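See structure below.
Coordinate-derived values only; no laboratory data. It should be emphasised that the depicted structure is a prediction, and the values quoted were computed from it without experimental measurement. Please note: Cβ atoms are built from the backbone with ideal geometry, for glycine as well, and neighbour counts cover all protein chains shown.
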Amino acid sequence: MMPRLDGYQALSALKKNQLTMDIPVIMLTAKTDSMAAEIEKTFSAGADDYIRKPFQLAEVRARVRNLAARHLLMKERVSDLRNAAMVQKKFLTNSGETENVLKNAGLKAVFFNQPSNGISGDFWFPKKMPNGKAGLFVADTCGHGVLAAIISMRILSVIDHCSAPNLHPSEFLAAVNSDIYDLLSPEAKFVAGMYFIFDQQKLIFSNAGQPMPFLLREGKLIELKTSAPPLGVFSELTTNEIEHEFRKGDRLIIYTDGLFEGEAVNSETVPLNRVIACLEKNCSVPLADMTRFLISDMQACIKRDFDDDVTIIIIEMQ
């Protein structure tokens, strides 16, 4: 009821300004009609608290102190999350190190990783191998956020000490499964993972719960079908292996399920067929642009941003 600019307009202006958008706001009003609707409108507009007139100064002071304390705590948490994200990027989603390892095997790669809330449960880890070979472990920890990231760091310490198998990626997944079984918490019940060995003109891989990767060759998609239960569910893990020719110009598309599990604009789940159609449509675009086209296409059919962590890795034989 203020002149020129009412309270809701003032709040909107504060929330749009980069300098004031994070400052807590208490709405103070004398309006008593439709009080429940007014309170709902106030919080929907971004207010942090609501006080009716006539007010007691002691109450206002107490609420200001509480909001100020909560605001400072939130700023500390945001800072901690940013630092954790930097550590994670160095150890769990390090595209530079992975590029170098794959380059030694005659491969070029592009990477995309978008955490749903700043900290990702998705991660990858390259394994150096002799004689022009390379290994790559790609995983998705159940859930997302801080807990998933902590579990991912624990798994990293395991796989860092696992020797890279020469021919059988299933041996690597079985070793990781054995080490993390009974380690996971009720909130992070399993880890979906796959391990690739790139060896000259072929690739060998085993899959434990991840979406099937695709091989793109001369405009055609080949789904590499093999799967087993996710890691950490059973004490022993048996996985199949696929060996496939990997020629010059071939592209391997690896992705996590966050890419196609968002809620579509028609309130249905986004189908995997949408991913397939986009890959087929953009099969001839430069490697560096392929992830951008794929992400743009998938975002166009969902209501909001991705609900889960999303990782895409595309590897091309040079």
Angle between the chain longest axis and helix 272-281 axis [Cα atoms, degrees, rounded to 10]:
70 degrees
Between helix 169-180 and the chain, what is the angle of the helix's C-alpha long axis to the longest principal axis, kept within 0 to 90° and rounded to the nearest 10?
40 degrees
Using a Förster distance of 41 Å, how high is the FRET efficiency between Phe55 and Asp307, based on the Cβ-Cβ distance and rounded to 0.05?
0.50
Placing each pseudo-label 7 Å from Cα in the direction of the beta carbon, Lys90 and Lys15 end up separated by a distance in nanometres of 3.7 nm
In a GNM of the chain with a 10 Å cut-off on Cα contacts, which of Ile119, Ile222, Ile51 has the highest mean-square fluctuation?
Ile51
Using a 10 angstrom cutoff on alpha carbons, build the Gaussian network for the chain and name the most mobile of Tyr255, Tyr195, Tyr181.
Tyr181
Stretched out fully, how many nm does the piece from Ile26 to Ser235 gain, at 0.36 nm a residue minus the Cα gap?
69.9 nm
What is the set of long-range amide H partners of Lys127 at a cut-off below 5 Å, with H atoms built 1.01 Å from backbone N?
Gly135, Leu136, Phe137
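So if R0 is 30 Å, what FRET efficiency would Ala277 and Lys189 give, r being the distance between their Cβ atoms, rounded to the nearest 0.05?
On the way: r = 32 Å, r/R0 = 1.07.
Efficiency computed from Cβ-Cβ geometry: 0.40.
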Starting from the Cα of Tyr181, step 7 Å toward the Cβ, then list every residue of region 214-233 with an amide N under 16 Å from that point.
228-233
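Against the empirical 2.2 N^0.38 Å scaling, what ratio does the C-alpha Rg of region 92-317 come to? If you can, show how the numbers build up before the last one.
Details: Rg = 16.6 Å, N = 226, 2.2 N^0.38 = 17.3 Å.
Rg over 2.2 N^0.38 Å, computed on Cα atoms: 0.96.
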Largest fluctuation, Arg217, Arg65, Arg274 only, Gaussian network model of the chain with Cα springs under 10 angstrom, belongs to Arg65
Would you please give the residues with an amide H less than 5 Å from that of Val310, counting only those at least 5 places away or on a separate chain, with H modeled from the backbone geometry?
Gln114, Ser116
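Given R₀ = 45 Å, FRET efficiency for Asp297-Ala69 by Cβ-Cβ distance, to 0.05?
Values: r = 45 Å, r/R0 = 0.99.
Plugging the Cβ-Cβ distance into 1/(1 + (r/R0)^6) gives 0.50.
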Restraint check, Lys15/Lys41; Lys103/Lys225; Lys90/Lys189; Lys133/Lys202; Lys16/Lys41; Lys103/Lys220, Cα-Cα greater than 19 Å
Lys103/Lys225; Lys90/Lys189; Lys103/Lys220
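If I take every Cα pair under 8 Å that is 6 or more residues apart in the chain, average their sequence separation and divide by the length, what percent do I get for the relative contact order?
Values: 579 pairs, mean separation 49.3, N = 318.
Reported as a whole number, the value is 16 percent.
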